[in-house]
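Worksheet for the structure shown next.
The values are calculated or read from the model by the stated rules, or taken from the named source; none is laboratory data. Just so you know, these numbers come straight off a predicted model, no measurement behind them. Here the Cβ positions follow ideal geometry from the backbone for every residue, glycine too, while neighbour counts run over all protein chains shown. Please note that ligands, DNA and RNA were not included when accessible areas were found on the heavy atoms of the full protein model with its side chains. Shrake-Rupley method; radii C 1.70, N 1.55, O 1.52, S 1.80 Å.
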Amino acid sequence: MQFVRFGLLGLLAWAPFSMAAYKLEPGKTLPPLTISGEHGGNVKDNGAWNSQSMNGTLNFVVYVDPDDSELNDELVNRLQAEKFPEAYFHSVAIINMAATWKPNAIIMSVLRGKQEKFPRTTYVFDKDRYAAQNWSLTPEGYHVLLVDRDGSVLYEKAGKLDKGEIEKFVDLVRSKVKEAEQAPIAKADTQAPADAQKTKKSL
């Protein structure tokens, strides 16, 4: 009886992940997500993190179990070596704190150090797999995403990327950054000098 009871509790615990309404796949737009309060937040200031803060920039997003944090270091090192311009490329590391036995206080201390060392990366702590539930991410291990400027998923994989996948990922980032660099300036921006000149004349 104890075994049956444990089995039912286990199924209930994992139900949110298997029954998630959103299906993660390339081409789809990520649903808006805010991690705050009891669910977690920004490592930098413990405030709320909103996924819409990624809009307008290409984002390398990882969802990571602290015990597997080095699993895709080869990919991370390749991206760092490329030195993509910060104006067009950013990274977000969401730490799955529910996936490890390590105390939260120790993990947070490490993350604060990483946030200071790597200011171009936004570190977010997720206390209860909230991101996994809402974005259909792996509840354990390491999940990699590439999210376009409009919030759509360009690439996703749970687990370790092999050399071929790493090159494919870097090539995709390179092409999307080039696309962003060549994007036309917004019409409102191009009209600003003319508007300013009219204002000057009227004065």
| What residue, of Glu74, Glu38, Glu70, Glu25, is over 19 Å from Tyr142 (Cα atoms) and either of a type outside the set (Ser, Thr, Tyr) or in contact (Cβ under 8 Å) with a residue 12 or more places away in the chain (or both)? | Glu38
| task | Please enumerate the residues belonging to segment 20-41 that are farther than 11 Å from Trp135 by Cα and open to solvent by less than 30 Å² (accessible area, probe 1.4 Å). | result | Ile35, Gly40, Gly41
| With respect to Arg112, is the statement that it is modelled with pLDDT of 95 or more and on the phi > 0 side of the Ramachandran plot true? | no
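Each row is one residue, and each column tells you yes or no for (1) without any contact (Cβ under 8 Å) to a residue 12 or more places away in the chain; (2) open to solvent by less than 10 Å² (accessible area, probe 1.4 Å); (3) in contact with a strand residue (DSSP E or B) (Cβ under 7 Å, 6 or more places away or on another chain).
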residue	(1), (2), (3)
Pro103	yes, no, no
Glu116	yes, no, no
Thr121	no, no, yes
Ala131	no, yes, yes
Glu140	no, no, no
Arg149	no, no, yes
Leu161	no, yes, yes
Val170	no, yes, no
| Just for segment 62-120: of the residues that are basic (Lys, Arg) and either assigned to a helix (DSSP H, G or I) or in contact with a helix residue (DSSP H, G or I) (Cβ under 7 Å, 6 or more places away or on another chain) (or both), which one is nearest to Asp148 (Cα to Cα)? | Arg78
| remark: Lys157: passes all of (1) in a helix (DSSP H, G or I); (2) touching a helix residue (DSSP H, G or I) at 6+ places or on another chain (Cβ under 8 Å); (3) among the charged types (D, E, K, R) but (1)
